[in-house]
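Heads up, the thing below is written out as structure tokens.
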Amino acid sequence: MTAAKQYCPACGAPVEAQQGYCGQCGEALTAAGQPQRTASEATPRPARVGRTSIVIALVGSGILLAALAAYFAIPRDSGSPERVQTTSAPQDGVKTKPKAGPGQVEKKQETATGSPGAPAGGAAGQEWRTYTNARYGVVVDYPAHIFTKMQDEPADHSGRAFSGSSGLWFYIYSHANALDQTIEGVLRHTLVEVRKEYTLSSASRTDGFDVVFRRDGEIIWRHMLTSQDNGFHHWLEIGTPESGHARLRPVADRMIASFRVDRPGGPPDEDVAVDAFSYRTISSRDYGFKVEGHPTDASFSVDVPEGWIREEAGGAAHELVFKSPDNHPDAMMFLAFTAEPLRGRSAEAKATAQAKHLQEIGGAEIVDKGAVSVGSLPGYRIQLKVVSPSDLDTKLVDTIIVLKRGKLLYTLEMTAPEPIWHTAGLAIERAVKTLAFKP
Amino acid sequence: MQFSLREQIAGESRRLVKIGALAATGLLLIGIASLFFDDPAHVFFRMLSLLGTGLLIASAALMVITFRKAKKVVPGALLVSLATTLLALLVSTAFMPQTPAFATGGAAFLAGMLVGGGWSMTTLYFIDGDIVRSRGTAWYLVVWVVILTINQLLGAFARTVPSFAIFALIVATGIAVGSITGQLLRYRKATQLMTQAPKPAASGETP
């Protein structure tokens, strides 16, 4: 017996008699080709109205939840995605004439607020400092209250990285344009590196370019500056988590505005370095300085270089040691103040004993010595060159000045690598000049 | 004829491997063809972009044409699909520059699950002899269009935000997981009906 040709009553497609469903529209069929309300459907048809409601509720609530989650997941202050825009905005670049090739010694100067790039609405607690890379002469103002940590200096003295709380950081870095790259070429390379879709904005100038981009959940400002007719490239890069970048933007703008080259790359200009060394006045009392048995008359105030940190570890109450922020052996400097009872010794005897101790531990050689007087106080000064106990090639210079005051001997001692002694020596001279004893 | 779950998974895996091999061959051919141009990388990605657009249009057309057609439900294929979806999410997050917070990611996944669960309810399930079949309803198409539209709009306007890319991926994974889980549950219910209830005369078998 041949099966009669039948058609699906729902869509009209031809169906075989034995088909349980329509192959075209899926409508369930009876054996006679009639639509069936088969029990095979997990939910009977009368419930389909309710199921539609459930579907709408589920999908709608899902979309709503996704929108809510997206609202919190996507940083709102990043605003609408900025598109890549390349503009050409000439800027007065700092063009300096080369004096010499890149030098070998990096120095860093920090000055307090009032340095180039005056504070814009500096609120209480805000402190802006100026970082200068002495090797390349590049300068940037930065908020010391935000970027509180200065990282170790690289061995080639090419820059410095700073970091702060909440994942904030910035670094400056300089190098010679050894490959003779054009600004446009470097910009192109940067845009490829940061990827176009993560680039928020880019702008080229006659002396460099700016790129703002996203990376690993951060917003990064990358500012490139050239000097010496594109002979050197200087980079300032500031990073912040996306969630807080709107707050940092004015800070970044000011830092970028202050980023400049004060002098060409080369050996540090002594005058610039000396003049730029800033100081702060400290009181020994604030550091708990005291000499046993002389509780009242040991206190003094003195100027120490700005940014130098008191060495806490191992310090006795009658010792006050300040260290430069640099942790690289080539740039570490120490300025120490100690006081101890006279015990019948002269200033010369104390200074000589101290020098002898250094000679014993470091193979020091005395290069200068003699009596000095500081104000009305008699004293003795010895300068030595010390072979560092570390593996440093360079020698250290150590100056010891012992002053006799009442029943106490005060020792001022400065230690610094020989190549940067011209700056370090000024710190101890300043200390001697400003040393004032309190009644 | 019903196959065991293991056979279904193996069969689906073989199918995926075949598709993967075909896709890899296609990519290789496009790559070779690109080498004949001045800027091979540009041409390669341009062709990929065009191919992607073509595939999107084709898949949309195929969906509109076939969503009402009854298809055999193969739980093994659904399980393989579930596994590959989750694997894709894991691999993608490993290479993403950032991942969302647990709460945000969880909410995104849950949102996707809700949509996917709702989507899985927009199909009709049929028992055809010893086979379970399903076909989409108009709602199936509506939900699909909504998801596709939102996805494409977001892709067009928010693709530069990396955190959004991973967010969208998590939602999409949630949709897939919710949908597949819903289908598996309904398949289970249908098979239970098959074993519990006497075979109806109108089950599709010839009396």
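Just so you know, all these numbers are worked out from the coordinates, no wet-lab data involved. Please read all numbers here as calculations on a predicted model, not as lab measurements. Ideal geometry is used to build each Cβ from the backbone, glycine not excepted, and the neighbour counts take in all protein chains shown.
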Fraction of alpha-carbon pairs in region A:278-437 farther than 18 Å apart, rounded to whole percent, equals 57
For chain B, modelled as a GNM with alpha-carbon contacts under 10 angstrom, which of B:123, B:173, B:195 fluctuates the most?
-> B:195
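Calculate, in nm to one decimal, what residue B:6 and residue B:101 gain on full extension: separation in residues at 0.36 nm each, minus their alpha carbon distance.
Using 0.36 nm per residue and subtracting the Cα-Cα distance, I get 30.5 nm.
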Non-local amide H neighbours of residue A:321 (under 5 Å, H modeled in plane, Pro and chain starts lacking H): which ones?
-> A:311, A:337
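Using a Förster distance of 35 Å, how high is the FRET efficiency between residue B:196 and residue A:64, based on the Cβ-Cβ distance and rounded to 0.05? Could you put the intermediate results ahead of the total?
On the way: r = 38 Å, r/R0 = 1.09.
Once the sixth-power term is evaluated, E becomes 0.40.
Using unit Cβ charges (K, R positive; D, E negative) and no other charged atoms, how large, in debye to the nearest 20, is the dipole of region A:278-437 about its Cα centre? Could the numbers behind the result be given before it?
Working: 18 positive and 21 negative charges, 157 e Å.
In debye, rounded to 20, region A:278-437 gives about 760.
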Just going by the charge dipole of chain B, with Lys and Arg at +1 and Asp and Glu at -1 on Cβ, which of B:25, B:74, B:13 is farthest out on the positive end?
-> B:74
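Do the alpha carbons of any pairs in A:404/A:433; A:350/A:395; A:323/A:438; A:290/A:407 sit beyond 18 Å of each other, and which pairs?
Values: A:404/A:433 16 Å; A:350/A:395 23 Å; A:323/A:438 24 Å; A:290/A:407 13 Å.
Correct reply: A:350/A:395; A:323/A:438.
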For residue A:177, enumerate residues with amide H under 5 Å from its amide H, sequence gap 5+ or separate chain, H modeled in the peptide plane.
-> A:232, A:233
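Please give the average number of partner chain Cβ atoms lying within 10 Å of the Cβ of each residue in B:129-137, rounded to a whole number. Each step should come with its number before you reach the end.
Details: counts 3, 0, 1, 2, 6, 2, 7, 1, 5.
Going residue by residue through B:129-137 and averaging, the value is 3.
Treating the beta-carbon of each Lys and Arg as +1 and of each Asp and Glu as -1, no other charges, what is the dipole magnitude of chain B about its Cα centre, to the nearest 20 debye? Kindly include the intermediate steps, with their values, before the conclusion.
Values: 16 positive and 7 negative charges, 109 e Å.
Rounded to the nearest 20 debye, it is 520 debye.
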In terms of modelled amide H atoms, which long-range or inter-chain residues lie less than 5 Å from the amide H of residue A:15?
-> A:6, A:7, A:8
